[in-house]
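For reference, the structure discussed in these notes is given below.
The values are calculated or read from the model by the stated rules, or taken from the named source; none is laboratory data. None of the values given here were measured: they were computed from a predicted structure. Cβ sites come from the backbone with ideal geometry, for glycine too, and all protein chains shown count toward neighbours.
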Amino acid sequence: MRLKKLILLLVTTFSLSALFSQESSISGKISHNSKVLPYANIYLKSTKIGIASDENGFYELKNIEKGNYILVISSVGFKTKMIKITIGESQKLIRNISLEEDNSLDEIVISGTLRPVSKTNSPVPVEVYSKSFFKKNPTPSIFESMQNVNGVRPQLNCNVCNTGDIHINGLEGPYTFVLIDGMPIVSGLSTVYGLTGIPQALIERVEVVKGPASTLYGSEAVGGIINIITKKPSNSPALATDVYTSSWGEVNTDIGLRYKLSKKTQGLLGINYFNYQNRIDNNNDGFTDLTLQNRISLFNKINIERKSNKVFTIAGRYVYEDRWGGEMDWEKKFRGTDIKYGESIYTNRWETFGTYQLPTSENINFQFSANGHYQDSYYGTDAYNAEQLIAFGQFVYNKQIHKKHDLLLGLAYRYTFYDDNTFATIDKNGIQNKPSITHLPGIFLQDEIHLNRQNKLLIGARWDYNSLHGSIFSPRVNYKWNSTNNSDIIRFSFGNGFRVANVFTEDHAALTGAREVEFDGALKPETSWNTNINYVKKINTENTFITLDASIFYTHFNNRILPDYETDSNKIIYANLDGFSVSKGISLNTDITFTNGLSVNLGATLMDVSITKNNVKTRQLLTESFSGVWSISYKFNNQFTIDYTGNLYGPMRLPLLGENDVRDEYSPWYSVQNIQLTKKFNNKWEIYGGVKNLLNFTPPANSINSADNPFDVGVDTEANPELAFDPSYVYASNQGTRAFIGLRYTIF
């Protein structure tokens, strides 16, 4: 009897214990407009409890302890919803939740029209790449980050010092205008040397406009613009850090810090430090495969709140870099000598820019920028010391008239000072130094006409007066049609570009190697006419969001300035083209986002860039006829993300040293592919790692011609040009496969 009572007591005790130990749960269905929404993300904030809704929109969060929580529900294409939840012991809550569509996927852009407008409404096609896009393949500079953007290729210009520029649709780097927050910062001398050191922890997004934008941005925006938009202090995390290293010994550190100077003054401080000091020569040519670098960049942006809520921001950046490449046993004591060949470049650079909205009833902004770039360099025994100062300011007046006209009027002025130790800044007598000073005042007018809900016309014109070359007129016409639901958009653009070239600031090949530089006559400004047709198609289903973006482009150049490597193998001859040059092609971008966590971005560009002289058409050097890019990402429910990125390039015609040069005339088809795995912890910590250049592609080992005799000792290069030292045969990095690992820590 006692045994039965004991057993009954134990059963009762365990039953009650099990009953009271039951933990709570939350369940329900996720929907949109009464339709179930599968694969939405549901989690309790600041916990590890989360799940995705199933194919019927059902979810259930289990094993929840008693307490107060915030339930977060998110899905691609819908507004994230947060709900306060109080749950008791052994409670089963049912919460059916409806999500609303999120139009914020239609990003706000400014690059096409100089004023904020949604990407869909912009009459100018603008491509937008968010910070999350660049995180899929982390790099130490914005220069390398552009390698996965369709139609954009970072081009290395030298096998020794690895400097480069950014090509858009086959046009060289000097035709690409790089802006920071809409201000002309990276141009001229910094086209080659100023693209690094922008702290990526501060980048909000990058906007790309392909084709001439001279009407708004002046004479250097011929091939297109890349506008780097930095974060606003008010919207930035309190602290954002990103540190990574690679198996090659590269170390990159990005830090972003938000601070307050007063109740109305907020600041954003950014620091980037990159260091690489590992001498590697895997191709056994006696030269470093990757240039050694030591670089620090400091960025500061201040936003001042005003009673009128008008804008006042000011920012500044300082960059110092010491880079060198050359023979493996080169030391700094050999700098400028013929003992060991090395290319050593010291760069000091400062920048400042900002926007001040005038305290008037009308919308008038004053925008300004200034920068100084100082370079102390040796290319073997050749010294190149240069100084460049640029000051820019403009007033922009925006006025809407009768709801159909958005007028934009601007007055601009640009001052450029450039001096170096080459014959480019020597007077006509060849005796005294004569720095180049250019004044460029200008005026531009733009009218965006809203014909009706489906048709929009933009007409613009710009007039500049170059103190060296006279008047410059740049007209522009853009037309946009959209369907009633914006699922189909057609854009047409037509305009011209104008550019004054400075060979030594823009073309690294003029300085490196053994070739002699020669100018055939005075260089006249280049002019171009461009047309572009763009079609965008959006297809949205319950589980998939698809965007197709196709463009046809055509650019015709007169007076184009191109380096001639082929007339004389011992020279680089610069002259205005006696003929014309054409860049034409077609590109296609596809973005596919699935609600189950999979996203796919594919892009391809097919183009023909040619030069016609004396009725003979030739293909432009160092220009691919085909390029493709891709980014495939999948986010698992456990906060793991896998990213597979890559690019594919068709053959390029390469500069050779005459008929007897043993190197191939064309580069092979090649692809650089990367894979990355990311794990996120508690919205603060994030660790990532992977492998770059999975296929281990590198150019041929003999890319540097006569690497064993860099000073051409005992060689008659006039009689035997194919024996000359030449590092200009370059189309891709010599950096092979390497692993990398990184850590991000963010405080909001």
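Pairing each residue of region 48-70 that is under 18 Å from Leu99 (Cβ atoms) with any residue that is part of a strand (DSSP E or B) and among the acidic types (Asp, Glu), provided the two are 6+ apart or on different chains, yields C-beta distances under 9 Å for Ile51/Glu60.
Within region 673-704, the set of residues being part of a strand (DSSP E or B) and in contact with a Lys or Arg (Cβ under 7 Å, 6 or more places away or on another chain) comprises Asn674, Gln676, Glu686, Ile687, Lys692.
Looking at region 628-644, which of the residues that are over 20 Å from Val152 (Cβ atoms) and of a type in the set (A, V, I, L, M, F, W, C) is modelled with the highest pLDDT? Can you show your working first?
Of the residues in region 628-644, the ones over 20 Å from Val152 (Cβ atoms) are 634-642.
Of the ones still in play, those that are also of a type in the set (A, V, I, L, M, F, W, C) are 636, 640, 642.
Working: Phe636: 87, Phe640: 91, Ile642: 97.
Here the residue is Ile642.
Only one of Lys333, Lys307 is of a type in the set (D, E, K, R), surrounded by fewer than 21 Cβ atoms within 10 Å (Cβ to Cβ) and closer than 30 Å to Gly714 by Cβ; which? Spell out the reasoning first.
Working: Lys307 fails: closer than 30 Å to Gly714 by Cβ.
Being of a type in the set (D, E, K, R), surrounded by fewer than 21 Cβ atoms within 10 Å (Cβ to Cβ) and closer than 30 Å to Gly714 by Cβ holds for just one of Lys333, Lys307, which is Lys333.
Cβ separations smaller than 9 Å between residues 6+ apart or across chains give the following pairs from region 439-451 residues that are without any contact (Cβ under 8 Å) to a residue 60 or more places away in the chain to residues that are surrounded by 15 or more Cβ atoms within 10 Å (Cβ to Cβ) and among the acidic types (Asp, Glu): Pro441/Asp464; Ile443/Asp464; Asp447/Asp406; Ile449/Asp406; His450/Asp406.
Residue by residue, here is whether (1) assigned to a strand (DSSP E or B); (2) more than 22 Å from Asn433 (Cβ to Cβ); (3) in contact with a Lys or Arg (Cβ under 8 Å, 6 or more places away or on another chain) holds:
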| residue | (1), (2), (3) |
| --- | --- |
| Gly325 | yes, yes, no |
| Trp330 | no, yes, yes |
| Lys333 | no, yes, no |
| Thr360 | no, yes, no |
| Asn365 | yes, yes, no |
| Gln394 | yes, yes, no |
| Gln400 | yes, yes, no |
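Within the span defined as region 678-700, one or more residues are among the charged types (D, E, K, R), within 23 Å of Asn159 (Cα to Cα) and assigned by TED's automatic domain parsing to the domain that holds Thr337.
Taken over region 210-238, the criterion of being under 18 Å from Arg491 (Cβ atoms), in a loop (DSSP other than H, G, I, E, B) and at pLDDT 80 or above is satisfied by no residue.
Taking every residue in region 393-413 that is not assigned by TED's automatic domain parsing to the domain that holds Pro359 and pairing it with any residue that is at pLDDT below 95 and among the hydroxyl-bearing types (Ser, Thr, Tyr), at least 6 positions away or on another chain, yields no pair with a Cβ-Cβ distance below 9 Å. For Gln735, the criteria (1) surrounded by 15 or more Cβ atoms within 10 Å (Cβ to Cβ); (2) part of a strand (DSSP E or B); (3) not small (Gly, Ala, Ser) hold in every case but one, which is (2). Residues of region 718-732 that are surrounded by 21 or more Cβ atoms within 10 Å (Cβ to Cβ) and among the small types (Gly, Ala, Ser): Ala724, Ser728.
Please count how many residues of region 240-263 are surrounded by 16 or more Cβ atoms within 10 Å (Cβ to Cβ) and not in a loop (DSSP other than H, G, I, E, B).
Residues flagged as surrounded by 16 or more Cβ atoms within 10 Å (Cβ to Cβ) and not in a loop (DSSP other than H, G, I, E, B) within region 240-263 amount to 13.
When restricted to residues that are at pLDDT below 90, exposed (fewer than 15 other Cβ atoms within 10 Å of the Cβ) and assigned to a strand (DSSP E or B), region 535-556 contains 1.
Name the residue that is modelled with the highest pLDDT, counting only residues in region 572-581 that are part of a strand (DSSP E or B) and buried (at least 17 other Cβ atoms within 10 Å of the Cβ). Reasoning before the result, please.
Narrowing region 572-581 to residues part of a strand (DSSP E or B): 572-576, 579-581.
Restricting the remaining residues to those that are buried (at least 17 other Cβ atoms within 10 Å of the Cβ) gives 572-576, 581.
Working: Ile572: 69, Ile573: 73, Tyr574: 71, Ala575: 74, Asn576: 76, Ser581: 90.
Among residues in region 572-581 that are part of a strand (DSSP E or B) and buried (at least 17 other Cβ atoms within 10 Å of the Cβ), the one modelled with the highest pLDDT is Ser581.
So which of Ile166, Ile180 is in contact (Cβ under 8 Å) with a residue 60 or more places away in the chain and under 10 Å from the mean Cα position of the chain (by Cα)?
Ile166
Among the listed residues Ser369, Ser377, identify the single one that is among the polar types (S, T, N, Q) and farther than 23 Å from Phe334 by Cβ. Just one listed residue meets the conditions, Ser369.
I'd like the full set of residues that are part of a loop (DSSP other than H, G, I, E, B) and either over 14 Å from Gly603 (Cβ atoms) or modelled with pLDDT under 85 (or both), limited to region 138-155. If the condition is that a residue be part of a loop (DSSP other than H, G, I, E, B) and either over 14 Å from Gly603 (Cβ atoms) or modelled with pLDDT under 85 (or both), then Pro138, Thr139, Pro140, Ser141 are the ones that fit.
Each row is one residue, and each column tells you yes or no for (1) among the hydrophobic types (A, V, I, L, M, F, W, C); (2) in contact with a strand residue (DSSP E or B) (Cβ under 7 Å, 6 or more places away or on another chain).
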| position | (1), (2) |
| --- | --- |
| Phe640 | yes, yes |
| Gln673 | no, yes |
| Leu677 | yes, yes |
| Trp685 | yes, yes |
| Leu723 | yes, no |
| Val730 | yes, yes |
| Ile747 | yes, yes |
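Quick check on region 414-427: of everything there that is free of Cβ contacts under 8 Å to residues at least 60 places away in the same chain and assigned to a helix (DSSP H, G or I), which residue is farthest from Thr360 (Cα to Cα)?
Phe423
State yes or no: is Tyr193 at pLDDT 70 or above and either buried (at least 24 other Cβ atoms within 10 Å of the Cβ) or of a type in the set (Lys, Arg) (or both)? Quick ask: steps written out before the conclusion?
Numbers: at pLDDT 70 or above: no; either buried (at least 24 other Cβ atoms within 10 Å of the Cβ) or of a type in the set (Lys, Arg) (or both): yes.
For Tyr193, the condition - at pLDDT 70 or above and either buried (at least 24 other Cβ atoms within 10 Å of the Cβ) or of a type in the set (Lys, Arg) (or both) - is not met.
Being part of a strand (DSSP E or B) and surrounded by fewer than 19 Cβ atoms within 10 Å (Cβ to Cβ): is that true of Ile345 here? In short, no.
Just a yes or no: is a residue in region 113-128 at pLDDT below 85, over 12 Å from the mean Cα position of the chain (by Cα) and surrounded by 22 or more Cβ atoms within 10 Å (Cβ to Cβ)? Yes, region 113-128 contains at least one residue that is at pLDDT below 85, over 12 Å from the mean Cα position of the chain (by Cα) and surrounded by 22 or more Cβ atoms within 10 Å (Cβ to Cβ). Scan region 640-658 for residues that are without any contact (Cβ under 8 Å) to a residue 60 or more places away in the chain and in a loop (DSSP other than H, G, I, E, B) and jot them down. The answer is Gly650, Pro651.
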